[in-house]
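Participant: Dumping the structure here so I can ask a few things about it.
Each reported figure results from applying straightforward, stated rules to the coordinates on display, with no laboratory input. In this text the structure is predicted, and so the values were computed from the model without any measurement. As a convention, Cβ positions derive from the backbone with ideal geometry for all residues, glycine included, and neighbour counts pool all protein chains shown.
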Amino acid sequence: MASLIDCPHCGKRPREEFTTLGSAVTRPSPSADSETWTDYVYLRDNPRGMHDEFWHHADGCRRWIVVSRNTFTHEFGGTRDAAGIAPMISPTEKTSQK
Amino acid sequence: MTPYRLSTGGLIDRKRPVSFTFDGKQYEGFAGDTLASALLANGVSLMGRSFKYHRPRGVMTAGAAEPNALMEIGTGGRREPNTRATMQEIYPDLHATSQNRWPSLDFDIGAANSLLSPFLSAGFYYKTFMWPKSFWEKVYEPFIRKAAGLGRIAEEADPDTYGKAWLHCDLLVAGSGPAGLAAALAAGRAGAKVVIVDEHAIAGGHLVDTREVVDGKSAQAFVEDAVAELRGLPNVTFKTRTTALAWYDDNVVALVERKQKHVAAPEANRAVEILWRVAAGHVIMATGAEERPLVFAGNDVPGVMLASAMRRYLNRFGVAVGRNIAIFTNNDSAYALAAEAEASGITVAAIIDTRSTAPSWTGRARVLTGSEIIATQGGKALKSVTVRTGAKEETLSVDALAMSGGFSPIVHLACQRQQKPVWNEDLQAFLAPDTNGALTPAGSVAGAYSSQQAFNDGADKAVEALTRLGFDAATPAADFADKTPGNPSGLWLPGDVKGKAFIDYQNDVHYKDIGLAVREGFDHVELAKRYTTNGMATDQGKLSNINAIALIARARGCSIAEVGTTTYRPFYTPVSFATLSGTHYGTHFAPVRSSPLHAWSLARGGEMVDAGLWYRPMYYKQAGDTDMMASINREVLAVRAGAGICDVSTLGKIEVTGPDAAKFLDLLYCNDFGKLAVGRARYGFMLREDGIPFDDGTTSRLGENVYFMTTTTAYAGPVLAHMEFCHQQHWPDLDVRFVSVSDQWAQMAIAGPRAREILASLVDEDISEEVFPFLSAKEVTLGSGVVNARLFRISFSGELAFEIAVPAGYGPSVADAIVAAGAIPYGVEALNTMRLEKGYITHAEMNGMVTVADLGFDRMVSRRKDDFVGKHMFGREGLVRENREQLVGVRALKAEDRFTAGAHVLKIGDQVSLENDQGYVTSSVWSPVVKGYIGLALVKGGRNRIGEKVRVWNALLGTDVEAVICSTDHLAEANGGKNA
Amino acid sequence: MKYSALSVFLNGLRGNTAWQKMWRAPDPKPQYDVIIIGGGGHGLATAYYLAKNHGITNVAVIEKSYIGSGNVGRNTTIIRSNYLLEGNNPFYELSLKLWEGLEQDFNYNAMISQRGILNLVHNDGQRDAAMRRGNAMRLHGVDAEYFDKEAVRRFAPYLDVDQSRFPIVGGLFQPRAGTVRHDAVAWGFARGADSRGVDIIQNCEVTGLRREGGRVVGVETTRGFIGARKVAMAAAGNSSRVAEMAGLKLPIETHVLQAFVSEGIKPFIDSVITYSMGHFYISQSDKGGLVFGGDIDMYNSYAQRGNLSMVEHVAEAGKTMIPRLSRMRYLRSWGGVMDMSMDGSPIIDKTPVENLFINCGWCYGGFKATPASGWCYAHLIANDAPHPLTRQMRLDRFARGNMLDEEGSGPTPNRH
């Protein structure tokens, strides 16, 4: 994962077609306190390992997707549409090349 | 025939002689020769100088690992430094020049460094050159810089064409030796999509350097048949002169294919090199093994080379490197060279074997077991070697020496994704790490050293991979007459060295340097590398690393496995900017976006300037305009006196529709949009989630559920992506659709007192002040219903102004009609002048640090809405504290005084210091209305300082003028309060 | 042993056998006054200045690998102080001043070479931003000059000033900026710290922070527990992982930045030059290699390796800016992992955990900051109070809305 991204809508596409926004954190409720908002906007888990991130298929279907990947090995862990309308693609479901 | 060319043999084309020059002297070789083989055939053994000591050096290898024979090839824009003579094929009139020598390769002043070598040990420069302090930059460093470096860069731009493209395959095979051929045959016959590559001009790898017999044929004929079969298969792509450079995530491999580097005159407009990005289902890494040099004093004299290289010159190129040679080895492999050399009439004076027992040998050469070379003689060409056997020393006169210190698998690709190679004690070699099944080493890179073993290994590994990919593959077979299994060879190091035994040839790192590094605390392999520069030359340690690691292990008293390797990184061999760029440079560095009115502007004298990816007219040059300022001022005054038309098509245009469109806009903008009436336009700010303005623009409600949004030119893309993010991630339940229509509409601003009159003559509908007042927006038609248009009564100049959008194709004719009706074209400079006169902001003011309040729009922020992007962060103490920089106008006090954006504001009488900084000018312009320099500025507590005289200070331009802080609306001030 | 031309000469006569270890390899003591986690440039500089400026010598630097194995050994060697904001500029200027006397101070030739940096500008907006920055520098007495197009042409004739896509209109030049032999910085500080009594403990990984009553009392390591009165993190790239041991979440994402070196050539580029339309910068080392790079790879990564698309982009920008680079070859690429903070500026501060200090968030600008970072961090650790020059580099600035955002890019680390 870093050369090809498995878009849940378009399949494997070159990484150049995508942009990324970092951690797939969920926006707090409007009534959340300021600490929660500061957390959301500024603090990050930043793990060395599996990480869920927002990616945008900017030069493709224009959908925002959540990509799970390992930040150390770049191993692919699955993708889904950010709005949850496309089924999760997990690496185990990948079929043979033929 | 040249003196060292054998009368027969080799894969060169003896019917096609090729002449070329080296250091101005003309030589002849044959088609199929490399520069190195052709020079060797001509008896040229001195081919380069080393980096530090400028020692005379000859060719060491016959391949990509060459550290010594580096040359400048070509002239002018095609001059290419540091080219390996071992990889460069000769072509007619090839022009090669030696490098890093002065005045000549034969007599190089820099060689005096060798005399100073006791004082130039590893890292010596860290300990000296510190006094006097100023001498480093003035004396020492300029000298060092001049002495360093190898060849010279091209003299001018490159005339050649390059390309890059993707390839997709089931199996990529890197290397076409016995293992690679077997793998490709297995995959090709099974119907898989195969790409097989080899870095040399001909396929076969090490197999074509031998006199082996395969399936009853010569090795060369066997390879030829296999290649013919593969090339005949439609599912196989066979690329020679192609190197696998790097292995990236998802099994994407970067290849460089040298299409026209071996021809005298590359065909114009066809790529000389192509970068292939291969997305492979599986990779078979059949990259072979690199022979290791032996470490002994004088192991760098021209004439000393690797045994495998000598064998390649002999069998592939028909070149005898020497007529009377010796072979120094610690393993069996070099005995084949001895036999083949003798068969070709070359005298082998002795085989010097470090081991106590030698393999069976039936040739003429003496075999000296338990022996080592302790010195060599000859400066620029080898004359003799001194051999020590036990206590006995003898000197053998030879003109070339082949050495073999065993083999190191070429594991680079497998190790480029942070996994380290693994030391194998039995093979005394580092092998590829486990790569999770995506890449399989096969052949000698995996320790299968004999040709038969390599072939079988390649076949088996390919079948295994193909099965996993879902192919039904059969195992190809070949019968090699020589059934002797490959003999793993140890690592041999001398007990002690008198003189210089080189480890890294190019960087002149020798035996004692490694020991010194460890003694001084640089005992980690990475520290030793960095301190000594071992492995940092253009060959990246292909020959030197393993010997260095063994020496470190010995000095530390630990195992080689414990020392480990340095990090393997792309690229396997160096690759040019040109290849990596393809056609994406210069004019094509970034795509060009053209407004529908681009040609229209050009035809009217528009002077274009790049604005992001767009080009926009700065101004329109007319007869009588003496200079750019004259054009701009003419345009401004004409607009303010009559009317002008400006192309604003580059603004982002986004159409938002759906029942929840209003709700969505309310979440995007910090001000209210929900209650915007149909037919009305409103200016608004979008914030980032941290509460800072992101972009501004006007959004108009054209129908119950139809909105037309404009963004700034630069933020058209980011705003759309932001909207998609907000909709898809935050509020997917909102029933709203939006689409960029930036390219669909040609949009024009028509400004000036006559604007309404001009438009009224074209628009079918009534657009009088009464029915179409300020901030109106509606869909209209032009020319009695011929053209649909969108009309907005908005202004960016303080004048009566409209923007009209028409389908892109109609842009030029509508613009013509507007001009015909009396508007003059004006460019972005006049636009900018007028917006500054009126105090309108752009991203120069909205700089990513200021708040809406800083910009003076505090009251626009909705207090009603309980949510919008940025709402929850903009009230933080730092963003609302007193004395933040606020947007104000600044005006030069004297008409002749000039200031520019980026100048800072200081209180009059204050000392110049960062503490006294009051802010800075965000934009400035000469105003033909004010008749002086005006600007906008962000000034600490600025809005309470209207009327204060300040210094506007620009040390970079040497200007320091007095100005007054004023309202942002310079136009109103100049007109005594009149507003548009 | 003091290093000098004489020592090199005398040792050379004796076959270079008498050189001593540049630093010891001590076993960890049970207890230190200060433990610094991370033997990179910043950690070693901190130890050096703790000893030299504050007399605190009972200090250990704990390094999981070898010293200098992080970003000080993996960067493009540039030093400069061309910063805009008043929370940044004086700090980086202190750093540049420290660089200027560093070699004589720590008796090690780090080849500090003030060759200048030229930031090219391509349009009015960039020119205005360069003016604003350059004048901010001048307000603080920092050297800065503006080059117009013709001055750029004279200064670097190999640039394609009139190039067809994004012509160069000028540039901001800082003469005192330059390059340093990066590894030597780690070694010089290590040797200087070691000679003052600091223990440098390599191949020792911190696996946990031991807390008693809310205070940090030491570190768990692969070589056992080591006690300390104060623990100071200096593990940029891995700051989040170390901070997590103390239950802290940071305003940081870890990203990879690639850099490249070409084959060596005879002197061609004399200064550092940056190309503003395509994230490209280049200089030439004393060894002859062109050292260059571009933007980060854009996604979170701890991998110390990059992707091909950025490699290509860098080549495209390089060839566009300097057409003669065309046939020059990339020799090696590498990737460094860095703390990308939420406003592009660093953090040097106490943490909410007593006796635990943090130095992180250097983005891709940590190398040039090495001496000042060590200087100010040592001050903070010794005095339990921030150095005046780092008073805006606090951890709570995000909650308070006092971001130090030079580019105005907002809380999206990959846009800084």
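Participant: Give the aspartates and glutamates whose C-alpha is closer than 13 Å to that of residue B:778, dropping any in the same chain fewer than 8 places away, or say none.
Facilitator: Output for residue B:778: B:704, B:764, B:765, B:766, B:803.
Participant: Next up: Long-range amide H contacts for residue C:280: which residues qualify at under 5 Å (H placed 1.01 Å from N, peptide plane, sequence gap of 5 or more or a different chain)?
Facilitator: C:275
Participant: I would also like to ask the following. Check the straight Cα-Cα distances from residue C:52 and name the lysines below 20 Å, setting aside those fewer than 8 residues away within the same chain.
Facilitator: Within reach: C:2, C:97, C:230.
Participant: As a check on your grasp of the helix formula, calculate [θ] at 222 nm for chain C: sum -39500 (n - 2.57) over DSSP H runs of n ≥ 4, divide by the residue count, round to the nearest 500.
Facilitator: -9000 deg cm²/dmol
Participant: Another question about this same structure. Within the set of other residues whose C-beta is less than 12 Å from the C-beta of residue B:13, count the net charge using Lys and Arg as +1 and Asp and Glu as -1.
Facilitator: Local charge sum for residue B:13: +1.
Participant: Could you tell me how many cubic angstrom of Cα convex hull volume chain B has per residue?
Facilitator: 233 Å³
Participant: Quote the charge dipole size of the range B:882-980 about the Cα centre in Debye, to the nearest 20; the model charges only the Cβ of Lys and Arg (+1) and of Asp and Glu (-1).
Facilitator: Dipole size: approximately 260 debye.
Participant: Angle check, please: helix B:334-343 long axis (alpha carbons) against the longest principal axis of chain B (alpha carbons), in degrees 0 to 90, nearest 10.
Facilitator: That helix lies at roughly 70 degrees to the long axis.
Participant: What FRET efficiency comes out for residue B:25 versus residue B:607 if R0 is 60 angstrom and r is the Cβ-Cβ distance? Round to the nearest 0.05.
Facilitator: 0.65
Participant: Is the shape of the range B:295-404 rounded, prolate or oblate, going by the alpha carbon gyration tensor and its root eigenvalues a ≥ b ≥ c, with a/c under 1.5 for rounded and a/b larger than b/c for prolate?
Facilitator: Verdict is oblate for the range B:295-404.
Participant: Between residue B:364 and residue C:25, what is the spin-label point distance in nm, taking each point 7 Å from the Cα along the Cα→C-beta axis?
Facilitator: Those two pseudo-labels are separated by 5.3 nm.
Participant: In what sequence do A:85, B:373 fall when counting other Cβ within 10 Å, fewest first?
Facilitator: A:85, B:373
Participant: OK, next. Could you state, as a whole-number percent, how many of the C-alpha pairs of the range B:882-980 are farther apart than 22 Å?
Facilitator: Here the tail beyond 22 Å accounts for 21 percent of pairs.
Participant: If you don't mind, another one. Apply the Kirkwood formula to the range B:366-477: the hydrodynamic radius equals the inverse of the mean of 1/r over all pairs of different alpha-carbon atoms; give it in Å with one decimal.
Facilitator: Computed over Cα pairs of the range B:366-477, the Kirkwood hydrodynamic radius comes out at 17.7 Å.
Participant: How high is the relative contact order of the range B:493-621, in percent, counting Cα pairs under 8 Å that sit 6 or more residues apart?
Facilitator: Relative contact order comes out at 16 percent.
Participant: Restricting everything to alpha-carbon atoms, can you work out Rg to Rh for the protein assembly as shown with a Kirkwood hydrodynamic radius?
Facilitator: Ratio of gyration radius to Kirkwood radius: 1.00.
Participant: Return the long-range amide H neighbours of residue B:680 (sequence gap of 5 or more, or a different chain), with a cut-off of under 5 Å between placed amide H atoms.
Facilitator: Sorted by chain and number, the residues that satisfy this are B:701, B:777.
Participant: With each run of n ≥ 4 DSSP H residues scored as -39500 (n - 2.57), what mean residue ellipticity at 222 nm is computed for chain B after dividing by its residue count and rounding to the nearest 500 deg cm²/dmol?
Facilitator: Counting only the DSSP helices, I get -5500 deg cm²/dmol.
Participant: Given a Förster distance of 45 angstrom, what is the FRET efficiency for residue C:203 paired with residue C:7, based on the Cβ-Cβ distance and rounded to 0.05?
Facilitator: Once rounded, the FRET efficiency stands at 0.95.
Participant: Per residue of B:582-594, count partner chain C-beta atoms within 10 Å of its C-beta, then hand back the mean as an integer.
Facilitator: What the average comes to for B:582-594 is 5.
Participant: I want to check the label-to-label distance for residue C:150 and residue B:559. Put each point 7 Å from Cα in the C-beta direction and report it in nm to one decimal.
Facilitator: Distance between label points: 7.1 nm.
Participant: Also: Using a 10 angstrom Cβ neighbour count of at most 13 plus a DSSP loop assignment to flag exposed chymotrypsin sites (Phe, Trp or Tyr not before Pro), which longest range of chain B is free of such sites?
Facilitator: That gives B:108-773 as the longest site-free run.
Participant: Going toward the positive end of the dipole of the range A:1-70, with +1 on Lys and Arg Cβ and -1 on Asp and Glu Cβ, which of A:67, A:14, A:49 do you reach last?
Facilitator: A:14
Participant: Which of the lysines could be linked to residue B:239 by a straight reach, that is with a Cα gap under 19 Å, when you skip same-chain ones fewer than 8 residues away?
Facilitator: B:164, B:193, B:259, B:261
Participant: Right, here's the next one. Could you please state, rounded to a whole Å, how far the C-alpha centre of the range B:218-251 is from the C-alpha centre of the range B:406-474?
Facilitator: 17 Å
Participant: Could you please report the charge total around residue B:399, scoring K, R as +1 and D, E as -1 over all other residues with beta-carbon less than 13 angstrom from its beta-carbon?
Facilitator: +3
Participant: To test your reading of the geometry: what angle, between 0 and 90 degrees and rounded to tens, separates the Cα axis of helix B:716-725 from the longest principal axis of chain B?
Facilitator: 80 degrees
Participant: For the modelled label position 7 Å from the Cα of residue B:858 along Cα-to-Cβ, which residues of the range B:917-944 have backbone nitrogen atoms closer than 20 Å?
Facilitator: Residues passing the 20 Å test: B:919-920, B:937-944.
Participant: Tell me which trypsin sites (Lys or Arg not before Pro) from the range A:13-91 have a DSSP coil assignment and no more than 14 other beta carbons within 10 Å of their own.
Facilitator: Answer in residue order: no site qualifies.
Participant: Here's another thing I want to ask about it. Kindly provide the trypsin sites (Lys or Arg not before Pro) of the range B:421-485 that DSSP labels as loop, not H, G, I, E or B, and whose Cβ sees at most 12 other Cβ atoms within 10 Å.
Facilitator: Answer by residue number: B:483.
Participant: Take every residue in peptide B:131-142, count the Cβ atoms of other chains within 10 Å of its Cβ, and give the average of those counts.
Facilitator: Shielding by partners across B:131-142 averages 3.
Participant: Using the Karplus curve 6.51 cos²θ - 1.76 cosθ + 1.60 with θ = phi - 60°, what ³J(HN,Hα) values do you get for each residue of the range C:341-355, in whole Hz, with x for Gly and Pro?
Facilitator: 8, 6, 10, x, 10, x, 10, 10, 6, 6, 10, x, 8, 4, 6
Participant: Using θ = phi - 60° and the Karplus curve 6.51 cos²θ - 1.76 cosθ + 1.60, what whole-Hz ³J(HN,Hα) does each residue of the range B:459-476 get, with Gly and Pro shown as x?
Facilitator: The phi angles translate into 5, 5, 5, 5, 4, 4, 5, 5, 4, 5, 7, x, 9, 9, 10, 9, 7, x Hz.
Participant: Here's something else I'd like to know. Under the definition of Cα pairs under 8 Å and six or more residues apart, what whole-number percent is the relative contact order of chain B?
Facilitator: 9 percent
Participant: Across peptide B:461-474, how many C-beta atoms of other chains are within 10 Å of each residue C-beta, on average?
Facilitator: If you average over the peptide's residues, the count of other-chain Cβ atoms is 1.
Participant: Which is the longest part of chain C that has none of the trypsin sites (Lys or Arg not before Pro) sitting in a DSSP loop with at most 11 other Cβ atoms within 10 Å?
Facilitator: Free of exposed loop sites, the longest segment is C:15-416.
Participant: Of C:76, C:351, C:222, which has the largest mean-square fluctuation in a 10 Å C-alpha GNM of chain C?
Facilitator: C:222
Participant: Could you run the Karplus curve 6.51 cos²θ - 1.76 cosθ + 1.60 with θ = phi - 60° over the range C:154-164 and give me ³J(HN,Hα) per residue in whole Hz, x for Gly and Pro?
Facilitator: Along the range C:154-164, the couplings run 5, 5, 9, x, 7, 6, 8, 5, 9, 3, 6 Hz.
Participant: Give me the percent relative contact order of the range C:71-147, please, defined on Cα pairs under 8 angstrom at least 6 residues apart.
Facilitator: Value for the range C:71-147: 36 percent.
Participant: If each residue's Cβ is checked for other Cβ atoms within 10 Å, how do C:291, B:636 rank with the fewest at the top?
Facilitator: In increasing order of surrounding Cβ atoms, one gets C:291, B:636.
Participant: With a cap of 16 neighbouring Cβ atoms within 10 Å, and only residues DSSP puts in a loop, list the trypsin sites (Lys or Arg not before Pro) found in the range B:654-723.
Facilitator: B:675
Participant: Please report the equivalent ellipsoid semi-axes of the range B:652-740, computed as sqrt(5 x eigenvalue) of the Cα gyration tensor, largest first, in whole Å.
Facilitator: 17, 15, 12
Participant: Could I ask something else about it? I'd like the distance between the alpha-carbon centres of the range C:170-225 and the range C:239-283, rounded to an integer number of Å.
Facilitator: A separation of 19 Å, based on Cα centres.
Participant: Right, next: What list do you get for B:450, B:927, C:4, C:95 if you sort them by fewest beta carbons within 10 Å?
Facilitator: Exposure proxy ranking, most exposed first: C:4, B:450, B:927, C:95.
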